[in-house]
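Here is the structure we will look at, set down as structure tokens.
The values are calculated or read from the model by the stated rules, or taken from the named source; none is laboratory data. Predicted model, so just to flag it, every value in this text is computed and none were measured. Note that we place each Cβ from the backbone using ideal geometry, even for glycine, and neighbour counts take in every protein chain shown.
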Amino acid sequence: MGRKILFLFLSLSLLSSAASSADAPPTTGQILLSVPNSWNSKTGKLKAFHWDGKEWKQSFKSSIDVLYGRNGLAWGRGVMPAPSGGSVKKEGDGKAPAGFFAVPKVLGYAGKLPGGSKGIPYRSVTKWDAWIDDPKNPYYNKHYVADPGNVPSWFNSQKMRHGDFAYEWLIQIDHNANTPKPGAGSAIFFHVRRGPSRYTSGCTTMRKEQLEEIIKWLNPEMKPHYVLLPRAEYEKLKGPWNLPEFGN
């Protein structure tokens with residue numbers, strides 16, 4: 001096990017050997033990559049890749065059909081600065097954030113992760129959990145756990161547990177995360193789709209069994225990230241961002 005961890009550390013270090021630049025891509029050994037045709041795309045393909053020490057390798061045999069925002073895409077706030085030009089994600093715009101985002105944890109209704117998972121941090125959502133999408137709230141775009149003895153007046157409109165099958169699993173996508181900018185978009189996840197043409201307010205969705213496959217694949221030691229870019233932007237950034245070859 002120790003040798004495997006050392007190999008992983010060295011591999012990820014090589015992957016980010018150019019990290020002295022402020023605009024260098026983050027250290028990662030797992031990338032979920034989606035490259036739709038345009039900013040107006042509502043559907044696309046998602047592929048999973050892992051770094052084998054020398055190059056990116058596709059992790060799954062086939063791509064996953066996904067849905068995006070009902071109004072397409074806009075630049076989000078991730079770990080890499082968005083190039084100038086193009087629309088920017090805003091609260092309520094119905095657009096999925098494009099960019100390069102950390103995937104730090106999973107939330108869900110179940111008591112534990114699916115069998116075979118690799119230890120990605122997990123939070124079993126209770127009736128006291130909330131995720132705030134109100135830009136005026138001081139906890140905007142943050143996970144909040146209420147004190148049962150002192151529940152804030154706004155809690156019911158922000159609570160996470162609704163018994164909604166689409167939210168049975170939520171893989172967190174760190175858009176507008178570390179220092180949330182009010183109004184720049186909140187509560188962005190991978191989750192179960194509601195139907196083959198039920199687009200989202202900004203999340204990326206798929207069938208439940210595909211979502212669970214991703215949850216089992218996520219390895220926190222590999223520092224997983226999600227990259228969503230329209231084709232033209234992907235072609236410009238795949239070199240500077242050290243992205244895998246997506247293909248068609």
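Kindly evaluate Q158 against the criterion of being more than 21 Å from L67 (Cα to Cα), among the polar types (S, T, N, Q) and buried (at least 17 other Cβ atoms within 10 Å of the Cβ). Yes: the conditions hold for Q158.
If you check D129, D65 for being modelled with pLDDT of 95 or more, acidic (D, E) and farther than 20 Å from R207 by Cα, only one passes: D129. If you go through region 133-166 and keep only what is closer than 30 Å to S197 by Cβ, small (G, A, S) and over 20 Å from the mean Cα position of the chain (by Cα), you end up with S157, G163. For C203, the criteria (1) touching a His at 6+ places or on another chain (Cβ under 8 Å); (2) within 23 Å of D52 (Cα to Cα); (3) not small (G, A, S) hold in every case but one, which is (2).
The number of residues in region 134-183 that are more than 24 Å from P121 (Cβ to Cβ) and among the aliphatic types (A, V, I, L, M) comes to 1. Scanning region 32-64 for residues being in a strand (DSSP E or B) and touching a helix residue (DSSP H, G or I) at 6+ places or on another chain (Cβ under 8 Å) gives a total of 5. Filtered by the rule that a residue be surrounded by 20 or more Cβ atoms within 10 Å (Cβ to Cβ) and either at pLDDT below 95 or among the aromatic types (F, W, Y) (or both), region 68-107 gives Y68, W75, F100, F101. The residues of region 30-67 that are closer than 18 Å to V79 by Cβ and either over 15 Å from the mean Cα position of the chain (by Cα) or of a type in the set (F, W, Y) (or both), listed by number, are F49, W51, W56. When region 213-248 is filtered for residues that are farther than 25 Å from K118 by Cα, charged (D, E, K, R) and not in a helix (DSSP H, G or I), the ones remaining, listed by number, are K238, E245.
Please go through region 54-67 and give me each residue that is within 15 Å of L32 (Cβ to Cβ) and either of a type in the set (S, T, N, Q) or loosely packed, with under 14 Cβ neighbours inside 10 Å (or both), ordered by number. Matches in region 54-67: K57, Q58, S59, S62, S63.
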